[in-house]
Amino acid sequence: MLSYLKIKVNESLYLKDPESSEVGKRILQQSIRMIDEMGLEAFTFKKLADKANTTESTVYRYFENKHKLLLYLSNWYWAWLDYRMVFALNNIQDPNEKLSKAVEILTSNAALDHLIEHMDLVTLGHLIHSESSKIFRIKDVDKENEEGYYHGYKLLCMRLQEVILQIAPGFPHANSLASTILEGIHKQYFFAEHLPKLTDIRNPAQDLPHFFLEITTSVLDRFKSEQNGQ
């Protein structure tokens, strides 16, 4: 178990660091399973307390509300993806290989992420794909953005943007392309599971890396051809 790994999350998202105690880790562990199973609407701290073998008041000592808990989990997941991407790309020199590896990481089902005992990141990845619209599309999005609640997502987007620009320096839509890939991954996973007539993806783990890599390379190849006057 990678118990020594500490993922940094915005301290404003919690009242007490849940990874600082066994109770807090149980709260994280059970919240991932429960939100994924029942959805954020049906999820309550009372139900969470029962599953985590604690009290509702104890849960509130860690998190102000369930939206803050969802933000914590999403920030943890984004930071973990960023960690994986930085680690995986560090020794790759070829920009095209970097892009392929980055897309592979972003679209994977986190099959090896069970190494962190209290964070089931396979389930958490599924949760983020299902509940991603509830992270940003809220009335207080501007306020939360000012508080830095989406910094991890922006950092992940920046990592992908940097790889894109290594392939096609001067490409004017690198940021837009990177964020479109990240959001598109969530949507395609969701569509494949719930609204299959809106997608051609049947096996996300196999189809999504190819799909997004093909889109990205096609766009960048066209830009490079135009730059070269072809």
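Quick note: the coordinates plus some simple rules give every number you see, no bench work behind them. Keep in mind that what you see is a predicted model, and the values were worked out from it rather than measured. Here Cβ is always computed from backbone atoms with ideal geometry, including for glycine, and neighbour counts include all displayed protein chains.
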Loop sites in region 143-230: trypsin sites (Lys or Arg not before Pro), DSSP, at most 13 other Cβ within 10 Å
ARG202
Please turn the phi angles of region 45-60 into ³J(HN,Hα) values with the Karplus equation 6.51 cos²θ - 1.76 cosθ + 1.60 (θ = phi - 60°), one per residue in order, whole Hz, x for glycine and proline.
5, 5, 5, 4, 4, 4, 6, 8, 6, 8, 10, 4, 5, 5, 4, 5
Enumerate the helices in the chain for which the Kyte-Doolittle hydropathy averages -1.0 or more and the C-alpha atoms extend at least 20 Å along the helix's axis, using complete DSSP H runs.
22-42, 66-89, 151-167, 174-194, 204-227
Just from its helices, what would the mean residue ellipticity at 222 nm be for the chain, if runs of 4 or more DSSP H residues each count -39500 (n - 2.57) and the sum is divided by every residue, rounded to the nearest 500 deg cm²/dmol?
-22000 deg cm²/dmol
Would you kindly state how much longer the chain becomes between GLU162 and LYS46 on full extension, computed as 0.36 nm times their sequence separation minus their alpha carbon distance, in nm to one decimal?
37.4 nm
Length gained, GLU11-ARG137, 0.36 nm per residue minus C-alpha separation, equals 43.2 nm
Can you pull the three principal axis extents for the Cα set of region 1-55, in Å, largest first?
32, 23, 20
Determine the gain in length on full extension of the stretch SER20-LEU155; use 0.36 nm per residue of separation and subtract their C-alpha separation, reporting nm with one decimal.
46.1 nm
Cα-based Rg then Dmax for the chain, in Å, read 18.8, 67
Within a 10 angstrom radius of the beta carbon, how do ASP200, ASP207, ASP120, ASP36 rank from fewest other beta carbons to most?
ASP200, ASP207, ASP120, ASP36
Cross-link candidates for LYS68: which lysines have Cα within less than 30 Å, leaving aside residues fewer than 8 places away along the same chain?
LYS6, LYS8, LYS16, LYS25, LYS46, LYS47, LYS51, LYS134, LYS139, LYS143, LYS154, LYS187
Using a Gaussian network model of the chain with C-alpha springs under 10 Å, which one of MET38, MET158, MET119 is most mobile by mean-square fluctuation?
MET38
Taking N as the number of residues in region 124-230, what is its Cα Rg relative to 2.2 N^0.38 Å?
1.22
FRET efficiency for GLU56 and ASP207, Cβ-Cβ distance as r, R0 = 41 Å, nearest 0.05?
0.45
